[in-house]
1. Could you tell me the relative contact order of segment 166-316? Use alpha-carbon pairs under 8 Å, at least six residues apart, and round to a whole percent.
2. So how far apart, in nm, are the two label points at residue 230 and residue 365 if each is 7 Å from Cα heading toward Cβ?
3. At a Förster distance of 35 Å, what's the computed FRET efficiency of residue 249 paired with residue 425, Cβ-Cβ distance as r, to 0.05?
4. When the chain is fully extended, how far beyond the present Cα-Cα distance does residue 22 get from residue 8, taking 0.36 nm per residue of separation?
5. Averaging sequence separations of C-alpha pairs under 8 Å and six or more residues apart, then dividing by the length of the chain, give the relative contact order as a whole percent.
6. Along the Cα-to-Cβ line of residue 168, 7 Å from the Cα, sits a label point; which residues in segment 312-348 have backbone N less than 17 Å from it?
7. Grab the beta carbon distance between residue 85 and residue 107, set R0 = 35 Å, and tell me the FRET efficiency rounded to 0.05.
8. To the nearest 0.05, how large is the calculated FRET efficiency for residue 433 and residue 135 if R₀ is 30 Å and r is the Cβ-Cβ distance?
């Protein structure tokens, strides 16, 4: 199949009509600059037009500017389903359920941190385990782990691994309601039991960054969020590890068995295995998936606790005096019931966001009161060589993308190809020469994450801003990094 025709709606919005593929129920909307469209992976187009055929899909199947091909849905794919007639699909959520970003402030400047940067990164590398199979310091029984799947970051704060104020600045207050432990398999529990407080591998990282004065784009919003010139901040990216992967795997197998035989659902790609949202199987998965969302919130909360310990030790001051408070924690790879407008009517929808970030505009009650007049903070992680962004959600995002935006810079090449093209050791030295000190579990893993393996983060953010689905606040520059 050749590339289907696209209609240009605006400089950054493109549409593929529902007539281009048999079974499409809605058009596709792609949010991208001309440069990003020129380089788009054609398999993304194949996947998102398949998504547009799913039962109950509403309005558009959306593609974010950082999109690349994934399992079932493209990464950067968004689809909202009618909660009565629609389906739920693990391929529309992802295996690393609630993979997400957390941004943490300090009251330290670059000049204060620079002499101790290596010590900080080395200590973080020791305190926050990374890589495949890494185990955290929190020792749990199976029953305690299942409590975490119900209570998420709230469990952590109650057990001394955080501050009460952290919860307010976490999506869903750090705990999504409705997780049912009995819907989670013993194998999933076994895989997750030792993973609280760990980064994992791949594109997961913990990064020390600096706020250069020229990269503060909205001074008023930045000040409200506690950001000032030459400030050092910490950003990290991780999810539900092997636990979320097993939850997704378990229910994919269930859905493949019942999808067609029991419910008559036919999909163009087995990776889009689905069940009716209101079915027993669909609700069981939804309940288990929420458990993985909560586990991931707990994982990031525990990592924050370790970060506070490291900074306290290195600088000899309490975490509160170092200003180690959160800006926000945002989730990717989720499905949530939200109210959106379709054909002029407000209705509840099940919004699948795979490699996409929630971007509520000003006024939504789900946004912490301190940010409610601004819009929801959106954290866009770039590659370890380039930098990252803090954006804000907009009202336009509600109209265009079910209040969704990009989640990162997005890969342009496979990990295998990146390892062939780049030397991990050379990359490490090149970064050091540019003022970025990095610790990684393996040099081959470092090579996989070379900046050239990713899209231009500035181009991705330009697409989100120009299309009106986010607005810029600040760009962060990396100075230290722990990689899985």
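1. With pairs under 8 Å counted, the relative contact order is 34 percent.
2. 4.5
3. 0.50
4. Stretched fully, the residue 22-residue 8 segment lengthens by 2.9 nm.
5. 22
6. Once the point is set 7 Å along Cα→Cβ of residue 168, 320, 323-329 turn out to lie under 17 Å by backbone N, inside segment 312-348.
7. 0.10
8. For residue 433 and residue 135, the calculated efficiency is 0.35.
Read-outs throughout are calculated quantities, based only on the coordinates presented, and are distinct from any laboratory measurement. The shown structure was predicted, so the numbers you read here are calculated from the model rather than taken from an experiment. Counting neighbours? That spans all protein chains shown, and the Cβs are built from the backbone with ideal geometry, glycine included.
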